[in-house]
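Chemist: Quick one: the structure is below, and I'll ask about it shortly.
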Amino acid sequence: MDWSLRQGAYALLAVVGLVVTAAYNLQFVQEQGGFSIAAFFASGYVNPAASSLTSDLAVAFAAFLVWLPGEARRVGIRHWWVYVVLSCGLAFAFAFPLFLLVRERRLAAASG
């Protein structure tokens, strides 16, 4: 199956989401001398701009959690929970476009 422009965009966004967030996560671990989930989340609220971005991401992630199971069932994607694990363990910026890529490929296969 050929890749559409949309599928390519989702793939590119997933890679960028993984690489960029991983770089910052590694920098955080180096600066902190290890990883603390409490320190990580506290750092997301160090000023109004960071608080806005952190809150924005939290609401978008919550909406994803509400939407994900039903949409995955609707288009026939099994193991939807993997995207939740990837979001929490790696980055929502990686897992969400990855899910959209898999969804798009599933829809294309079903229609063609």
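Nothing in this text is a laboratory measurement; each read-out follows from the coordinates by a stated rule. This structure is a prediction, so every number in the text was calculated from the model and none was measured. Here the Cβ is made from the backbone with ideal geometry for all residues, glycine too, and neighbour counts use every protein chain on show.
Chemist: With n ≥ 4 as the cut-off for DSSP H runs, can you work out [θ] at 222 nm for the chain, using -39500 (n - 2.57) per run divided by the number of residues, rounded to the nearest 500?
Modeler: Value at 222 nm, helices only, nearest 500: -28000 deg cm²/dmol.
Chemist: Oh, and also: With r defined as the distance between the Cβ atoms of residue 36 and residue 85 and R0 fixed at 22 Å, what FRET efficiency is calculated, to the nearest 0.05?
Modeler: 0.65
Chemist: Also, I was wondering about something else. Given 9, 86, 69, which one lies farthest toward the positive end of the charge dipole of the chain, if we put +1 on the Cβ of every Lys and Arg and -1 on the Cβ of every Asp and Glu?
Modeler: So the residue furthest toward the plus end is 69.
Chemist: Further question on the same structure: Given charges of +1 on the Cβ of Lys and Arg and -1 on the Cβ of Asp and Glu, with all other atoms neutral, how large is the dipole of segment 5-111 about its Cα centre, in debye to the nearest 20?
Modeler: Its charge dipole is roughly 560 debye.
Chemist: Give the residue list of chymotrypsin sites (Phe, Trp or Tyr not before Pro) in segment 1-40 that are DSSP loop and have at most 16 other beta-carbon atoms within 10 angstrom.
Modeler: 3, 35
Chemist: Write down the radius of gyration of segment 5-111 and its Dmax, each obtained from C-alpha positions, in Å.
Modeler: 15.5, 51
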